[in-house]
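Chemist: Pasting in a structure now, in structure tokens, and then I'll have a few things to ask.
The values are calculated or read from the model by the stated rules, or taken from the named source; none is laboratory data. Keep in mind that this is a model prediction, so the values were computed, not measured. Note that each Cβ is placed from the backbone with ideal geometry, even for glycine, and that neighbours are counted across all protein chains shown.
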């Protein structure tokens, strides 16, 4: 019974609920004798209201999810219930004798999150309280809002299903559904003014900004209740800076729907300011996202984040399902890769995290010094639409000579452990051994400085190949401070290596781009090597290499091809029109590679990037010809600059 609870604040909170307010303490205690307090210390799932007499359920602390089981046994999220919200309105038609209980034919589960407290109010208590006009008005408002949300959500899902198909939760961005413009106040604004602004604008939060308009905090209804009303402060004396949540979690305009939803789930918040250059440009609420929710977008995130070493293989299948939907719905190649890359990044980082934890569990300790883990190759460039081989390396802090052997021994073991975990997830081992398990792909900051210096001095074809692979590096896991110093060191070494960059460019001169002539009649005379174009070898690699060299020559490293193109244009090293042509050629090359490889994957054939020109339609040949012409022009541009 609730009277046994030691937390008086919780007792008072329930008494102040609209369902119980205006009752004497004696009346209140009598009603509570018939209620049940449910405390969940661990995440639990239970059958949702086996009988309608169980009534309503109020979430006093924490959150809960309501699921319905589909015909195929899969679980679909119906709604997410947060603090002070109520479950069970579907029973009211039964209470009123109008119809059979509407959910009897379905299996409904309620999954309560950790450390949640709920109050179950049986039908008999509800019946007594409904005699109070204020209670009836409260219940009517809540039911009306729930009904409005159901219709809005249903309409939104139907519209988006027509527009995007299964890919909707992956392609929509924060800027598509945020509320804008956002109402802001200064840090010295009185809480009375804040409350009036909320009431007048029908909003539940206000952004706090500094004198130049940058975000410094947020004030929500909950802040007003807990820090002013319950805290006993005066609305006239307290200011925004006294009650606001400082440095709130934020999202960007270009963040995806599922990324914003993840932040709500992870941090247990209801409001996310949208920022651009540190200034608020909009706000997203949890309620908004729930109306647009899609369970699949959260399932894959949970599959990744909750996976252990044993079930890592299932993540690959989950990501491939998303990829299949994106391809089927004809989402643009660049957009598809951007989305899939985010999932692969999560998977790769999770594998490294599991590797670190595995060493701790084996009694081999934690990392002895801060480190950073990097990807190379297609994964680092954001082009890995299907899991391929591993390309990665480790960098860690410099240590004294007495500590060097111990530290190197740990990272040797960690490098091997990372390889094993990535292999378990579906990444094959690199045939060229470009992995952190190998001595030359891990080391201290000084080790890497010396390694880069030797590559530059030798400038052999083998060293240049290593340089190409290395220059696509992208930081994924570890200490950002280590990454910052590493990037500065690499830039410094490259500035001293102009000869190495020159030799890299000269190698491109020796790899001319094939020409596709207008007359294709010769290809019907019999198959020859002239009928074959390798889109990876003849388009993507030359494009990557040219961009890498141009990027390094202009101080641009640690960037994807699209980022290099944008940076070169911003630095006025290439024109806007040429940047667009190169971007288009890049997208066409990737699109061809993805479509070919995916079709072969579905047919369970060996993946190849070779194109039989005789099988292409005329417009496809024209696109390919334009792409190769643009890559050739980029190659010429590079050679003219060095």
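Chemist: Going residue by residue through the stretch 364-374, is there one that turns out to be within 22 Å of residue 540 (Cα to Cα), modelled with pLDDT of 95 or more and over 18 Å from the mean Cα position of the chain (by Cα)? Full working, then the answer.
Modeler: Step one: of the stretch 364-374, the residues within 22 Å of residue 540 (Cα to Cα) are 374.
Those still in the list that are modelled with pLDDT of 95 or more too: 374.
Now narrow it down to the ones that are over 18 Å from the mean Cα position of the chain (by Cα): 374.
Scanning the stretch 364-374, I find at least one residue that is within 22 Å of residue 540 (Cα to Cα), modelled with pLDDT of 95 or more and over 18 Å from the mean Cα position of the chain (by Cα), so the answer is yes.
Chemist: Would you check if residue 467 is within 23 Å of residue 542 (Cβ to Cβ), touching a strand residue (DSSP E or B) at 6+ places or on another chain (Cβ under 9 Å) and outside any loop (DSSP other than H, G, I, E, B)? Show your work before the answer.
Modeler: Details: within 23 Å of residue 542 (Cβ to Cβ): yes; touching a strand residue (DSSP E or B) at 6+ places or on another chain (Cβ under 9 Å): no; outside any loop (DSSP other than H, G, I, E, B): yes.
It is false that residue 467 is within 23 Å of residue 542 (Cβ to Cβ), touching a strand residue (DSSP E or B) at 6+ places or on another chain (Cβ under 9 Å) and outside any loop (DSSP other than H, G, I, E, B).
Chemist: What is the residue count in the stretch 568-583 for residues that are in contact with a helix residue (DSSP H, G or I) (Cβ under 7 Å, 6 or more places away or on another chain) and outside any loop (DSSP other than H, G, I, E, B)?
Modeler: Of the residues in the stretch 568-583, 7 are in contact with a helix residue (DSSP H, G or I) (Cβ under 7 Å, 6 or more places away or on another chain) and outside any loop (DSSP other than H, G, I, E, B).
Chemist: Regarding residue 60, is this residue surrounded by 15 or more Cβ atoms within 10 Å (Cβ to Cβ), touching a strand residue (DSSP E or B) at 6+ places or on another chain (Cβ under 8 Å), part of a strand (DSSP E or B) and modelled with pLDDT of 85 or more?
Modeler: On the way: surrounded by 15 or more Cβ atoms within 10 Å (Cβ to Cβ): yes; touching a strand residue (DSSP E or B) at 6+ places or on another chain (Cβ under 8 Å): yes; part of a strand (DSSP E or B): yes; modelled with pLDDT of 85 or more: yes.
Against the criterion (surrounded by 15 or more Cβ atoms within 10 Å (Cβ to Cβ), touching a strand residue (DSSP E or B) at 6+ places or on another chain (Cβ under 8 Å), part of a strand (DSSP E or B) and modelled with pLDDT of 85 or more), residue 60 qualifies.
Table: residues versus (1) at pLDDT 75 or above; (2) within 16 Å of residue 139 (Cβ to Cβ); (3) in a strand (DSSP E or B); (4) touching a helix residue (DSSP H, G or I) at 6+ places or on another chain (Cβ under 7 Å).
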| site | (1), (2), (3), (4) |
| --- | --- |
| 10 | yes, no, no, no |
| 13 | yes, no, no, no |
| 18 | yes, yes, no, yes |
| 42 | no, no, no, no |
| 77 | no, no, yes, yes |
| 90 | no, yes, no, no |
| 97 | no, no, no, no |
| 105 | no, no, no, no |
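Chemist: With the structure loaded, tell me whether residue 610 is outside the structural domain of residue 324 (by TED's automatic domain parsing), at pLDDT below 85 and either within 16 Å of residue 327 (Cα to Cα) or over 30 Å from the mean Cα position of the chain (by Cα) (or both) or whether it fails that test. First the steps, then the outcome.
Modeler: Numbers: outside the structural domain of residue 324 (by TED's automatic domain parsing): yes; at pLDDT below 85: no; either within 16 Å of residue 327 (Cα to Cα) or over 30 Å from the mean Cα position of the chain (by Cα) (or both): yes.
Here the answer is no, as residue 610 does not meet what is asked.
Chemist: Quick one: is residue 237 surrounded by fewer than 16 Cβ atoms within 10 Å (Cβ to Cβ) and not assigned by TED's automatic domain parsing to the domain that holds residue 10? Before the answer, list the steps.
Modeler: Working: surrounded by fewer than 16 Cβ atoms within 10 Å (Cβ to Cβ): yes; not assigned by TED's automatic domain parsing to the domain that holds residue 10: yes.
So residue 237 fits the description; yes.
Chemist: I would also like to ask the following. Can you find even one residue in the stretch 400-408 that is within 22 Å of residue 350 (Cβ to Cβ) and either touching a helix residue (DSSP H, G or I) at 6+ places or on another chain (Cβ under 6 Å) or touching a residue at least 24 places away in the same chain (Cβ under 8 Å) (or both)? Spell out how you get there, then give the answer.
Modeler: From the stretch 400-408, those within 22 Å of residue 350 (Cβ to Cβ) are none; that's our starting set.
Within the stretch 400-408 (the criterion being within 22 Å of residue 350 (Cβ to Cβ) and either touching a helix residue (DSSP H, G or I) at 6+ places or on another chain (Cβ under 6 Å) or touching a residue at least 24 places away in the same chain (Cβ under 8 Å) (or both)), the answer is no, since none of the residues qualifies.
Chemist: Kindly state which strands (runs of 3 or more DSSP E) lie completely within the stretch 195-281 and contain at least 3 residues that are over 24 Å from residue 342 (Cβ atoms). Walk me through it before giving the result.
Modeler: Details: elements: 205-209, 215-220, 271-276.
By residue number, 205-209, 215-220.
Chemist: Taking residue 466 as the residue in question, decide whether it is crowded, with 21+ Cβ neighbours inside 10 Å and not assigned by TED's automatic domain parsing to the domain that holds residue 596.
Modeler: Values: crowded, with 21+ Cβ neighbours inside 10 Å: no; not assigned by TED's automatic domain parsing to the domain that holds residue 596: yes.
Judged against the criteria, residue 466 is not a match.
Chemist: Could you say whether any residue in the stretch 605-616 is part of a helix (DSSP H, G or I) and in contact with a helix residue (DSSP H, G or I) (Cβ under 8 Å, 6 or more places away or on another chain)?
Modeler: First, pick out the residues of the stretch 605-616 that are part of a helix (DSSP H, G or I): 613-615.
Now narrow it down to the ones that are in contact with a helix residue (DSSP H, G or I) (Cβ under 8 Å, 6 or more places away or on another chain): 613-614.
The answer is yes; a qualifying residue exists.
Chemist: In this structure, does residue 483 turn out to be part of a helix (DSSP H, G or I), touching a residue at least 60 places away in the same chain (Cβ under 8 Å) and either under 15 Å from residue 544 (Cβ atoms) or assigned by TED's automatic domain parsing to the domain that holds residue 634 (or both)?
Modeler: Working: part of a helix (DSSP H, G or I): yes; touching a residue at least 60 places away in the same chain (Cβ under 8 Å): yes; either under 15 Å from residue 544 (Cβ atoms) or assigned by TED's automatic domain parsing to the domain that holds residue 634 (or both): no.
So residue 483 does not fit the description; no.
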